[in-house]
Amino acid sequence: MIPALEVRNLTTSFRTQNGWVKAVDNVGFEVMPGEVVGLVGESGSGKSVTLHSILRLVHAPGTVAGSVKWQGRDLLTMPERELRKVRGGEIAMIFQEPMTALNPVLPVGIQIEENLSAHTALDGRQRAARARELMDLVGIPEAARRLKDYPHQFSGGMRQRVMIAIALASGPKLLLADEPTTALDVTIQDQILKLILDLRDELQMGVVLVTHDLGVVAATCDRMAVMYAGRIVETGSVVDVFAEPHHAYTRGLLGSVPRGGAGRTLLLSIEGTPPGLASIPPGCSFNPRCTFATDICRKETPMLAEFAPGRLVACHHHREVAAAGSPVV
Amino acid sequence: MNAALSQTLIAAEEVSKEFHIPHGLWRRLTGQPRLAVHALNGVSFQINRGETLGIVGESGCGKSTLARCLVRLFDCDDGRVRFEGEDIADLKGADRRAFNRRVQMIFQDPYSSLNPRMRVREILGEALAVHKMRPRAQIPARIAELLDLVRLPSDAADKFPHEFSGGQRQRIGIARALAVEPDVLVADELVSALDVSVQAQVVNLLLQLQEQLNLTVVFVAHDLRLVRHISHRVAVMYLGKIVEIGPTEALFSAPRHPYTKALLDAAPELDPTKRTRTVAARGELPSPINLPKGCLFNTRCPHAFDRCFAERPLLSDRTPAHKAACHLTDFGAPSLQNLEAIS
Ligand SMILES: Nc1ncnc2c1ncn2[C@@H]1O[C@H](COP(=O)(O)OP(=O)(O)OP(=O)(O)O)[C@@H](O)[C@H]1O
Ligand SMILES: Nc1ncnc2c1ncn2[C@@H]1O[C@H](COP(=O)(O)OP(=O)(O)O)[C@@H](O)[C@H]1O
Ligand code: SF4
Ligand code: SF4
Ligand SMILES: [Mg+2]
Ligand SMILES: [Mg+2]
């Protein structure tokens, strides 16, 4: 199968008081049609910047290098006019903060119809009907009446559904979802994640799901990529990575999440905190926090390399890490 | 359970709390009653000395309001909170000051609960001075001891809150609470704002301090995994009421209230081989302004029947230590589950 999306050597830099910093450093991954890829990492690891870079939503003085292949074309170099058709059309995005992405002074029905008129050939009547269908599809009760409501009249969970309805209006082939459930309660999170999976099945749409919650990854994603300090440090199928993490950071993250049955015992925590972008340590950026680190880790940056089919890791001592066992099995 | 553990330290008795909504002109002119958010609707439970009671529930169910009532940052509208048997609303003078010292609250937001213009030395020094914990000459040594206790480097004393990471700031909050040598810590979403790897550090610290200092802890959080990990007993809240309370493992392995079950089912499993595609709970929380009649969960409960719409279920014993508020007293009963498995 040919990947729907192919990201290669994506590097995004920002100018700050401390000079240029790389928020995303040489990131690469692909998404197959109908596949859900989880992009995991702690806050500041570069997840949102990665998504924004893919859709060229990073503004000057930020710079984006690398390539993002979408159906044979590079999103990073295509003319702005063509890009606008893809963005919000074939590729839809749900943002971390629904309120900032919705227009507060327009009824949600109009916002859905706007997207329909930008990306479909439907006439006015058809658009109104389709808007109602979409609200139904995302599980908003009394859809027809609520089309006239403004964003602030919806609860957090409902607003997130409205965002999804707008995103889906164009019938996208790829959905980029940035922490779509982080601000929501678990019962609503569960509803939204299962909705995204149902829509994936129905539309054969690829999904990149950004999250910091490993439970969400375990419950929804097919493959995962773990980010640390702007780089991808490990990728593989979710089942494989959980069963046998090969990067010390992945292993530490899995161990930091409390599991049932081990009540009131100490968690396998990671000492220290993630580095700031202006002070990323030389060698492996995780080395000051890593219990497996040796001299080479402080000198040489490990490259992301395939060690088994579909499994990549950037760690000098990944065999030792794997041998130490998964904290979640 | 030993004798020290089973001794009641704090008791909430039918605690209720409302927040009035500004009375709009139109409602006033048309003679309609004032609206109120019913944040707590008769909450009762006990906390034993040395134990950790976890309080879970979804956003807006009243967890923070309850925590504030326990430390008397809010007065209850109805009912009372007892500390060592005494109604805390009646405490005066020295007794009130002793209560304020012995029961400490740590807040949800590590960024806003520390004065940004004070150095850590001043933050801790102030706490020590207010309750006259140490003679002036011993204060610097005590500050060093406290920083060591929460595993911060000693040079932290001369820094300002903004010079620390979120996890470190939360440790400063813990050090400030511990400065006055309390018996009880009420921690409201202590680690919710922190990254996963840093959460684990703070949770480990809390577990160790509790053993070391024999603290009683009320751990308020919406994260079920965390609460399960840290608590001896857990109370589940829904719309300002406790719907279930019991020993942690009993409650998590065999929930006796349909809402608890839905909440547990909705939390994603950490095991990717145990996936389900069924939605755990339909619908959303009703408004706390117009509470449903009868059982508060009846708008979402898949098991609701006639009685649930007429009569509000009371919290009653399932086992001597495990209570639930549901008309289906057999719901989730382990014996019944076995029967179903056999038939
Ligand atoms: N000062 C206030 N004025 C008006 N309403 C309030 C006030 N404080 C809380 N409420 C309301 O009381 C209810 C309970 O709020 P509370 O903060 O206790 O919830 P919580 O369970 O802590 O939620 P979260 O998980 O979001 O922290 C909510 O409906 C809330 O909007
Ligand atoms: N416009 C910007 N200018 C400078 N730094 C930025 C900008 N946007 C993001 N960053 C930095 O890039 C890093 C990654 O951010 P982000 O992708 O938002 O992280 P997350 O993984 O939490 O989504 C952070 O250190 C953030 O502060
Ligand atoms: S490369 Fe070295 S420091 Fe980095 S994760 Fe592997 S063992 Fe640890
Ligand atoms: S009392 Fe009725 S509505 Fe309430 S939880 Fe029990 S079965 Fe459901
Ligand atoms: Mg982000
Ligand atoms: Mg709260």
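The values are calculated or read from the model by the stated rules, or taken from the named source; none is laboratory data. This one's a predicted model, so the numbers in the text were calculated from it and none came from an experiment. Cβ: placed from backbone, ideal geometry, glycine included. Neighbour counts: every protein chain shown. Surface areas here come from the heavy atoms of the whole protein model, side chains and all, with no ligands, DNA or RNA. Shrake-Rupley method; radii C 1.70, N 1.55, O 1.52, S 1.80 Å.
Observations, loosely collected:
- Taking GluC sites (Glu not before Pro) in DSSP loop states with no more than 14 other Cβ atoms inside 10 Å as exposed sites, chain A has its longest site-free stretch at A:1-141.
- Shielding value for A:271-283 is 2, the average number of Cβ atoms from other chains within 10 Å of each residue's Cβ.
- Dividing the helix sum by the residues of chain B, where each DSSP H run of 4 or more adds -39500 (n - 2.57), gives a mean residue ellipticity at 222 nm of -9500 deg cm²/dmol.
- Among B:D271, B:D195, B:D306: highest mean-square fluctuation, GNM of chain B, C-alpha pairs under 10 Å: B:D271
- For the listed peptides B:282-289, B:64-71, a ranking on the average number of other beta carbons within 10 Å per residue, highest first, reads B:64-71, B:282-289.
- In chain B, Cα pairs under 8 Å separated by at least six residues give a relative contact order of 19 percent.
- Within a Gaussian network of chain B (alpha carbon springs, distance under 10 Å), most fluctuating of B:A266, B:A175, B:A157: B:A266
- Under 5 Å between amide hydrogens, built in the peptide plane, is the criterion, and for A:M93 it picks out A:G88, A:L176 among residues at least 5 positions away or on other chains.
- Angle of helix B:93-102 to the longest C-alpha principal axis of chain B, folded into 0 to 90 degrees and rounded to 10: 80°.
- For B:S316, solvent-accessible area (1.4 Å; no DNA, RNA or ligand), Å²: 40 Å²
- Label separation (B:Q7 vs A:M78): 7.2 nm, computed from points 7 Å beyond Cα along the C-beta direction.
- Of all lysines in the structure, the ones whose alpha carbon falls short of 23 Å from that of A:K47, not counting any fewer than 8 places away in one chain, are A:K22, A:K69, A:K173, A:K194.
- Structural descriptor for chain A: relative contact order 20 percent, calculated from alpha carbon pairs under 8 angstrom and at least 6 residues apart.
- Straightening the chain between A:Q153 and A:N18 buys 44.3 nm, computed as 0.36 nm per residue apart minus the Cα-Cα spacing.
- Whole-Hz couplings from phi, Karplus 6.51/-1.76/1.60, listed for region A:89-97; x for Gly and Pro: x, 5, 10, 10, 10, 10, 8, 4, 10
- Largest GNM mean-square fluctuation among A:G44, A:G283, A:G230, using chain A with Cα springs under 10 Å: A:G283.
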